[in-house]
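Written out below as structure tokens is the structure these notes cover.
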Amino acid sequence: DGGITQSPKYLFRKEGQNVTLSCEQNLNHDAMYWYRQDPGQGLRLIYYSQIVNDFQKGDIAEGYSVSREKKESFPLTVTSAQKNPTAFYLCASSIDWTGGKAFFGQGTRLTVV
Amino acid sequence: KQEVTQIPAALSVPEGENLVLNCSFTDSAIYNLQWFRQDPGKGLTSLLLIQSSQREQTSGRLNASLDKSSGRSTLYIAASQPGDSATYLCAVNNAGNNRKLIWGLGTSLAVNP
């Protein structure tokens, strides 16, 4: 089945640690996105990639980093510089950057302990 | 700046009712509008995508309409079922080169048996 796989489903981070969230898609999509979801707030865009080997900052990129070395993969690193990382993280893809139908993974819940 | 509003924030209905969820946006220069469903603790599932040139889209018991000039979209759910209980999110893709989804906060729907 084609889709987007995020792992892990739950992740716990100690203060000062970097953690990496995985996102893999087998839809052959060019564009991939990372969002953060917090209670009472709309989805906020962290980073997006229109094509392999390229990515752009979204609205809340500070404290996060990404890479796009393969078309299928768009990992997100939450660094120690992110002051409030506890949130639900969603990865999405679309066939290209022009705004087609968005497909989402099942999310990763990150908790700082 | 595009803003998306969804009303009501929460809705509780008895099973079998037909219902309407509302989404409004402030800038009518959109590329498309997308409706999603989110179950608690899960990712988003795409329901319907309406291009800016379209007036409505249908999928099963769901019908989404778009009135671009007035900045409104509605999601109509016919003969609601308990399995329809979820949060419904509306997102707008702006026209132009900046094709990022702008999200509403969602409507939390409870369909009671």
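What does the charge count near residue A:59 come to, summing +1 for each Lys or Arg and -1 for each Asp or Glu among other residues with Cβ under 11 Å from its Cβ? Neighbourhood net charge equals +3.
Here the Gaussian network model covers chain A, with springs between Cα atoms less than 10 Å apart; of A:41, A:82, A:50, A:41 fluctuates the most. The phi torsions of region A:51-68, fed into the Karplus equation with coefficients 6.51, -1.76 and 1.60 and a -60° offset, translate into couplings of 7, 4, 6, 9, 8, 10, 5, x, 7, 9, 7, 4, x, 10, 9, 9, 9, 9 Hz, rounded to whole numbers, with Gly and Pro shown as x. Considering every alpha-carbon pair of the protein assembly as shown, the percent of pairs per 5 Å bin, from zero through the bin containing the longest distance, is 1, 7, 15, 18, 18, 16, 12, 7, 3, 1, 0.
Taking amide hydrogens as placed 1.01 Å from N in the peptide plane, the amide H of residue B:30 sits under 5 Å from those of B:95, each at least 5 positions away in sequence or on another chain. Other protein chain C-beta atoms within 10 Å of residue C-beta, averaged over B:27-36: 2.
Sequentially through region B:15-21, phi angles give Karplus couplings (6.51, -1.76, 1.60; θ = phi - 60°) of 3, x, 6, 8, 9, 10, 10 Hz, Gly and Pro residues having no value and appearing as x.
For residue B:106, the residues whose modelled amide H falls within less than 5 Å of its own, excluding neighbours fewer than 5 places apart on the same chain, are B:6, B:90. Compute the separation of the alpha-carbon centres of region B:49-91 and region A:55-113 and state it in Å as a whole number. Cα centroid to Cα centroid, the span is 27 Å. Among the aspartates and glutamates, which have Cα under 14 Å from the Cα of residue A:9 when same-chain residues fewer than 8 positions away are ignored? By straight Cα distance, residue A:9 reaches A:24.
Near residue B:17, once Lys and Arg are set to +1 and Asp and Glu to -1 for all other residues with Cβ below 14 Å from its Cβ, the sum equals -1. Straight-distance candidates among the lysines for linking to residue B:68, with alpha-carbon spacing under 26 Å and chain neighbours fewer than 8 residues away dropped: A:101, B:1, B:100. Charging the Cβ of each Asp and Glu at -1 and of each Lys and Arg at +1, and nothing else, the dipole of chain A about its Cα centre rounds to 320 debye. Normalised by 2.2 N^0.38 Å, with N the number of residues, the alpha-carbon radius of gyration of chain A equals 0.99.
Computed from Cα atoms alone, the Kirkwood hydrodynamic radius reported for region B:1-55 is 13.5 Å.
With the convex hull of the Cα atoms taken as the outline of chain B, the averaged projected area works out to 6.7 nm².
Net charge near residue B:105, counting Lys/Arg +1 and Asp/Glu -1 over other residues with Cβ under 13 Å of its Cβ? With Lys, Arg at +1 and Asp, Glu at -1, the neighbours total -1. Highest mean packing comes first when the peptides B:26-34, A:51-59 are listed by Cβ atoms within 10 Å, giving B:26-34, A:51-59. Here's the picture: charge each Lys and Arg Cβ at +1 and each Asp and Glu Cβ at -1 in the protein assembly as shown, and of A:86, B:51, B:86 the one pushed furthest to the positive end of that dipole is A:86. Working note: Karplus 6.51/-1.76/1.60 with θ = phi - 60° gives region A:81-91 the couplings 6, 7, 6, 9, x, 5, 5, 9, 10, 10, 9 Hz, where Gly and Pro are set to x.
Here, each number is a calculation from the coordinates, and none is a lab measurement. Bear in mind that the values here come from a model prediction, so they are computed numbers and not experimental data. Please note: Cβ atoms are built from the backbone with ideal geometry, for glycine as well, and neighbour counts cover all protein chains shown.
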